[in-house]
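Taking it in order: structure first as structure tokens, then the write-up.
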Amino acid sequence: MVDPETQLLSDPVRRAVRRVASSGSHLVIATGRSMLGTLPVLDELGVTDGVALCSNGAVRVDVAAREAVSVETFDPRPVHTRLSPLLPGSLFAAERVGVGSMVTAPFTPEELHGPQWHVGPAELLGHPVPRFIVNWANRDPAEVWGRLEGVELPGCTYTIDHYDPWVTVVPAGVSKAAALEKLRLELGVSPDGTFAAGDGDNDLQMLEWAHHSVAMGQAPATVRLTAAEVTSPVTDDGLVPALERWFNSY
């Protein structure tokens, strides 16, 4: 099970992932991206069936049908109320699955995939959402970590990006790990037959869940210490030898 978070995939990575898929293993893209941001990655990898887990596990996608088959949501209003004074001037985005995002101000296309609609608070917060994004633009990620230390959000769980001043909020109990465990049970895969690779705070539980876990070389220390193995950075195609070592052993 693999977690590529970029569309800039090299040919060696594409080939390695396709070999995993053709080996009979269940290849699952588990990502913090929305469904709209994940579909191009699936296309680039040549993945045409199975399941993808988007929005940190809140949205399950049938890859062949290219549609969401399960969506978990929460009320974003208490989150907005809690975070607005802690991160003043932040941009907010509420995901609409398979459609785009409602935003308080435009995000760059690299930050949010698909159409954006600039709306007021009433429309932004008027519907349950699977994923709520807070971008404290032009601030250092360390400032976000400092402001949110010890903060709990009602009915939600959140992760903070290590590279950008970005907070991702999903329903309580939702994570990549929880969604993968549910899928593992459905597929009848043994716990010792699981593999995961990642590089972010939203991957920590997934790496703890997997029997064999790999942190990418560019990952922060907390992620690298959680994984069983640390491979080379994405820029050096570090995922390729990790996949070859694991899947060639069977």
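The values are calculated or read from the model by the stated rules, or taken from the named source; none is laboratory data. The structure presented is a predicted model; accordingly, all values stated were derived computationally and were not measured. Because the Cβ atoms are built from the backbone with ideal geometry, glycine has one as well, and the counts that use them run over all protein chains shown. The protein model used for the area step is the full one, side chains on, heavy atoms only, and it has no ligands, DNA or RNA in it. Shrake-Rupley method; radii C 1.70, N 1.55, O 1.52, S 1.80 Å.
For segment 100-173, the share of DSSP beta bridges that are antiparallel, to the nearest 5, is 75%.
Would you mind working out the accessible area per residue for segment 51-142, using a 1.4 Å probe, and quoting it in Å²?
Details: 4090 Å² over 92 residues.
For segment 51-142, the solvent-accessible area averages 44 Å² per residue.
Arranged from highest to lowest average of other beta-carbon atoms within 10 Å per residue, in what order do the peptides 197-208, 162-173, 9-20 appear? Intermediate values should be presented prior to the final figure.
Numbers: 197-208: 24.5, 162-173: 19.7, 9-20: 15.8.
The most tightly packed comes first, giving 197-208, 162-173, 9-20.
If Rh is defined by the Kirkwood formula over all Cα pairs and Rg also comes from Cα, what ratio Rg/Rh do you get for segment 76-171? The Rg/Rh ratio comes out at 0.92. Close amide-amide hydrogen proximity is noted between Ala137 and Leu91, each under 5 Å apart and 5 or more residues distant or on a separate chain (H modeled in the peptide plane; Pro and chain starts excluded).
Extension gain for Glu208-Asp62 works out to 50.0 nm (0.36 nm per residue, less the C-alpha to C-alpha distance). With equal scatterers on the alpha carbons only and no solvent term, can you work out the Debye log10 of I(q)/I(0) for segment 107-250 at 0.13, 0.14, 0.16 1/Å? Ignoring solvent entirely, the Cα scatterers give -0.73, -0.83, -1.03.
Averaging 1/r across all pairs of distinct Cα atoms in segment 117-199 and inverting the result yields a Kirkwood radius of 15.4 Å. For segment 98-112 versus segment 8-49, the inter-centroid distance based on Cα atoms is 23 Å. Shown for segment 76-171: the carbon plus sulfur share of the solvent-accessible area, taken with all protein chains present and a 1.4 angstrom probe, equals 55%. For the chain, the equivalent ellipsoid derived from the Cα gyration tensor has semi-axes of 30, 19, 17 Å, listed largest first.
Return the loop-located GluC sites (Glu not before Pro) in segment 90-139 (DSSP other than H, G, I, E, B) with at most 13 other Cβ atoms within 10 Å of their own Cβ; answer none if there are none. Before the final figure, lay out the partial values.
Values: sites: Glu95, Glu110, Glu111, Glu123; in loops: Glu110, Glu111.
Taking segment 90-139 and a limit of 13 other Cβ atoms within 10 Å, the loop GluC sites (Glu not before Pro) found are Glu110.
The label point for Ser10 and the one for Ala221, both projected 7 Å from the Cα toward the Cβ, are 2.8 nm apart. Calculate, for Val99 and Val151, the FRET efficiency according to 1/(1 + (r/R0)^6) with r their C-beta to C-beta distance and R0 41 Å; round to the nearest 0.05. After rounding to 0.05, the efficiency reads 0.85.
Per the Debye formula on identical point scatterers at the alpha carbon atoms of segment 1-150, with no solvent, log10 I(q)/I(0) at q = 0.11, 0.12, 0.14, 0.16 Å⁻¹ is -0.48, -0.56, -0.74, -0.91.
Quick check on the chain: helices-only [θ] at 222 nm, where DSSP H runs of length 4 and up contribute -39,500 (n - 2.57) each and the sum goes over total residues. Nearest 500, please.
-8500 deg cm²/dmol
Placing +1 on each Lys and Arg Cβ and -1 on each Asp and Glu Cβ, with no other charges, gives segment 6-120 a dipole about its Cα centre of roughly 160 debye. When peptides 79-91, 33-45 are sorted by average Cβ neighbour count within 10 Å, with the highest value leading, the order is 33-45, 79-91. What is the percent carbon and sulfur in the accessible area of segment 177-241, measuring with a 1.4 Å probe over the protein chains and ignoring ligands? Solvent-exposed carbon and sulfur of segment 177-241 make up 53 percent of the total.
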